[in-house]
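In what follows, a structure is listed as structure tokens, so that the remarks can point back to it.
The values are calculated or read from the model by the stated rules, or taken from the named source; none is laboratory data. In this text the structure is predicted, and so the values were computed from the model without any measurement. Here the Cβ positions follow ideal geometry from the backbone for every residue, glycine too, while neighbour counts run over all protein chains shown.
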Amino acid sequence: MTVQKSLSARAWAELLLLSAIWGGSFLSIRIALDEIGFVTSVAHRVGWAALLLWVVIALRGIAVPRDAKVWGAFLVMGTLNNVIPFSLMAWGQLHIETGLTSIFNAGTAIFGVLAAAIFFADERLTRRRMMGVMLGFFGVATAIGLNSFTNFDIRSVAQLAVIAGTISYALAGVWARKRLSHLPPQLAAAGMLTGSAVIMIPAAMWIEGPIRFDLELRTWGAIGYYAIFATAGAYLLYYRVLAMAGSGNLMLCTLLIVPFAITLGAVVRHEALPGNAYIGFAILALGLSVLDGRLWRWLFNKPLPLDGSAR
């Protein structure tokens, strides 16, 4: 485990900006779903974002890989990081609130720690991490609510679909480390989105019919936001913040997204979350803070070991 970087004022500002952008993506996706199908919404998202990132790569003069294995890795990465989670979450948002979707999305870090522990020897599940994971699971279960387990309905299925999407994100992190870590991040993002578009555009045409372009201005605005700003632009900003703040501090983003998403959902769509959702998020946030290590330092007044072996 590397030493956690301190956050400068600029890093904080860009971290908050990234969180706000991603927080707004949940609302924009839901707005687009008022007119287009969820598969088509994902096709728009990955298609336009891929085009924009290839323009960035061309302007920066980054060499395009010719190895078929690399393009195969892009296809798998696109499936795990875009096709599956984007589709499941977009469908889930048809049946649950945007704010609740963002709460479940924050659980990505929990599943990411578990996936890393399973696939990488240097990411072992220490006592501190196990405590964080257990709190995270309890938080997710609380946010789902007991009624979802006793009265299984379409809302229950939607919540599970969103959670399945976060598991796919976690597996994508494993795949990226194994297969794409040697590539420039902008190229990895563009290749991943291209692989996603190769799958989602035909899927949208097959499942929901020809992709329409005679959409309302409101829908195009939503598509433009989540494709250009919340996908292509956010990926570029993500790697910039990662370089400044480090992966440990970047975990804060999953928590900061939630207030933005909940507020926008309440103001624009008049959504009201049940009380258990807020309680679950608080528990999940506690679990993530344990994983992050700040809580450990505060409680025990000592630094984390460099190898992450806190007991």
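Every residue in the range 168-203 that is part of a helix (DSSP H, G or I), over 11 Å from ASN81 (Cα atoms) and of a type in the set (Gly, Ala, Ser), please. Within the range 168-203, ALA188, ALA190, GLY191, ALA197, ALA203 qualify.
Give the residues of the range 265-279 that are closer than 18 Å to ALA222 by Cα and either free of Cβ contacts under 8 Å to residues at least 60 places away in the same chain or aliphatic (A, V, I, L, M) (or both), sorted by residue number. Those that are closer than 18 Å to ALA222 by Cα and either free of Cβ contacts under 8 Å to residues at least 60 places away in the same chain or aliphatic (A, V, I, L, M) (or both): ALA266, VAL267, VAL268, HIS270.
Among all positions in the range 212-221, there is at least one residue which is of a type in the set (A, V, I, L, M), in contact (Cβ under 8 Å) with a residue 24 or more places away in the chain and closer than 26 Å to SER28 by Cα. Only one entry of ALA73, ALA32 meets the criterion of being within 23 Å of the chain's Cα centre (by Cα) and farther than 24 Å from ASN105 by Cβ, and that entry is ALA73.
In the range 50-98, which residue that is among the charged types (D, E, K, R) and surrounded by fewer than 19 Cβ atoms within 10 Å (Cβ to Cβ) is nearest to ARG269 (Cα to Cα)? Residue satisfying both the conditions and the ranking: ARG60. Contact map, the range 23-38: first residue touching a residue at least 24 places away in the same chain (Cβ under 8 Å) and part of a loop (DSSP other than H, G, I, E, B), second residue among the hydroxyl-bearing types (Ser, Thr, Tyr) and buried (at least 24 other Cβ atoms within 10 Å of the Cβ), Cβ cut-off under 8 Å, separation 6 or more or different chains; pairs are LEU33/SER41. Assess whether PHE86 counts as being of a type in the set (Phe, Trp, Tyr), within 23 Å of GLY221 (Cβ to Cβ) and part of a helix (DSSP H, G or I). Criteria met by PHE86. When residues in the range 167-212 are screened for being modelled with pLDDT under 95 and under 16 Å from ALA32 (Cα atoms), 1 of them pass.
Per the conditions (1) more than 23 Å from ALA20 (Cα to Cα); (2) buried (at least 19 other Cβ atoms within 10 Å of the Cβ), the sole criterion not satisfied by ALA141 is (2). Here ARG45 passes the criteria (1) of a type in the set (Lys, Arg); (2) more than 19 Å from LEU284 (Cα to Cα); (3) more than 20 Å from the chain's Cα centre (by Cα) except the one numbered (3). Listed by first and then second residue, the pairs linking a residue in the range 158-187 that is touching a residue at least 60 places away in the same chain (Cβ under 8 Å) to a residue that is among the basic types (Lys, Arg), with Cβ atoms under 9 Å apart and 6 or more places separating them unless they lie on different chains, are ARG179/LYS69; PRO184/ARG60; GLN186/ARG60. Summed over the range 96-129, the residues that are over 21 Å from ARG177 (Cα atoms), touching a helix residue (DSSP H, G or I) at 6+ places or on another chain (Cβ under 9 Å) and part of a helix (DSSP H, G or I) give a count of 8.
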